[in-house]
Number of protein chains: 2
Amino acid sequence: MTKREYGQFCGLARAVEIVGERWALLIIRDLFVGPRRYTDLRRGLPRIPTNILSARLKELEATGVVSRRVLPRPDGSIVYELTEYGNQLEPVVLGLGRWGAKSLGEPRPDEIVTPASLIMAMRTTFHREAADGLTIGYEIRVGDIVLHVRIDNGSLKVAEGALPNADLVIETEPALGALMAREITPAEAVDGGIVTLTGDPALLDTFVDLFSI
Amino acid sequence: MTKREYGQFCGLARAVEIVGERWALLIIRDLFVGPRRYTDLRRGLPRIPTNILSARLKELEATGVVSRRVLPRPDGSIVYELTEYGNQLEPVVLGLGRWGAKSLGEPRPDEIVTPASLIMAMRTTFHREAADGLTIGYEIRVGDIVLHVRIDNGSLKVAEGALPNADLVIETEPALGALMAREITPAEAVDGGIVTLTGDPALLDTFVDLFSI
DNA sequence: CTGGATCCCTCACGATACTG
DNA sequence: CAGTATCGTGAGGGATCCAG
């Protein structure tokens, strides 16, 4: 067999031949957060078999989506990162994530939230218009994941790690989604104990404006 | 096992659980052209095994992407169509198609062009701005595929079938891509015999403006 | 420790034949 | 026309092992 092709001269067919294999888009999602080492990828995708991760990285490298780079000494470790071509997938990945989020429902018993998925969720739901002229620092904690979210004059920066001087620290559960979907109000979320705040509570309303679905 | 899940509470993960299975997005691409019967889908996807088509349709129906409808008598046949939720995939599908088109290269020996892929290609590459105030009818022939393309005051309508009173009939090969990528000029395409025109040749320049990559 | 390679097993997929 | 039935194969799942 000719290696899993669709036999159609079509952009969409070619795209799914490249990034449509199982796990490929989740690897790419993690790489959108930044360059990652093999082990970082495994940590972010706990259920991926190591041979599959290895195979996907090779394929994505061969198709020009991902590049493999050896860090300069003394570190000398290997990182994978998106190429320019791979980066062009951003609107598609965000769009797919937004579409799929509508079918999320409640977390299934064995479903986890990873730092990369949370970071992409923040980027997906961010409303640039609502951020105009704002400068705020949030720290988000979901389980043992800690993110810092900085709104800097309308632009968004999200990354892993704490934010020491955050204006507001939001501690919550995966049900954060209900808040962002405006199914409940910020006040209800606080009263119901779904979120715990440290800092200026008024900034939670701003948060919902910035990241609502 | 729990039926091919990724174990992540993440919009992107859910999306690929729903439409990431093999062949699913190509089925959806064909349904974007309009409701289709089982046999229509098979014709548009010659390499799909019939049991897989059957399985995908069931899955997509269960996840609310596709709906199955029995046509009123006396026809009584069955058509599949996208639900409202399925239709919301349009920007993603077009975006993926545009991204994948950059890796198309030359058609492989066994690759075919289908009506649906051509129609989606036209929609993908259409520039609304370039169509402002225009009203033109094109007929496109690629192999034995015949499409009609109507620009109606800036809006685009593409469908299968001839256009009797077309302002310009363009007959070409799959290498049409080279023209749309502006790798060659319209004049070169005509001189080189890549396209054959019937009607007002000046409208080929307009065509390239409307559908270039 | 990181960055994989190797083994085995299973099930989703592929090809084809057949049916209401 | 609209699928179901059957059966073989190989990609993916899971565990383990290994080199630098």
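The values are calculated or read from the model by the stated rules, or taken from the named source; none is laboratory data. Worth saying up front: this structure is predicted, and the values here are computed from it rather than measured. With ideal geometry, Cβ positions are generated from the backbone for all residues, glycine too; neighbour counts draw on all protein chains shown.
Annotations
- Residues of the stretch A:26-83 satisfying the condition of being in a helix (DSSP H, G or I), within 14 Å of chain B (Cβ to nearest Cβ) and exposed (fewer than 13 other Cβ atoms within 10 Å of the Cβ): A:A62
- Neighbours by Cβ (under 6 Å, 6+ apart or cross-chain): first from the stretch B:1-19, facing another protein chain (nearest Cβ under 7 Å); second within 11 Å of DNA strand D (Cβ to nearest atom) and at pLDDT below 95: B:G7/A:D110
- Residues located in the stretch A:96-136, provided they are part of a helix (DSSP H, G or I) and either of a type in the set (K, R) or more than 23 Å from A:L41 (Cβ to Cβ) (or both): A:R98, A:W99, A:R123, A:T125, A:R128, A:E129, A:A130, A:A131
- Cβ-Cβ contacts under 6 Å between residues 6 or more apart (or on different chains), taken from a first residue in the stretch A:25-41 that is among the β-branched types (V, I, T) to a second residue that is within 15 Å of DNA strand D (Cβ to nearest atom), are listed as A:I27/A:R56.
- Some residue of the stretch B:111-128 being away from every other protein chain (no Cβ under 14 Å), in contact (Cβ under 8 Å) with a residue 12 or more places away in the chain and either in contact with a Leu (Cβ under 9 Å, 6 or more places away or on another chain) or surrounded by 15 or more Cβ atoms within 10 Å (Cβ to Cβ) (or both): yes
- Residues of the stretch B:146-186 satisfying the condition of being surrounded by fewer than 16 Cβ atoms within 10 Å (Cβ to Cβ) and closer than 21 Å to B:R36 by Cβ: B:K157, B:A159, B:E160, B:G161, B:A162
- Residues that are over 14 Å from A:R141 (Cα atoms) and among the polar types (S, T, N, Q) within the stretch A:97-117 comprise just one, A:S103.
- Selection of the stretch A:96-110 for residues being more than 14 Å from B:Y85 (Cβ to Cβ) and surrounded by 15 or more Cβ atoms within 10 Å (Cβ to Cβ) yields A:G97, A:P107.
- Looking only at the stretch A:129-147, and only at residues there that are over 13 Å from the mean Cα position of the chain (by Cα) and within 14 Å of chain B (Cβ to nearest Cβ), the one that is modelled with the lowest pLDDT: A:G143
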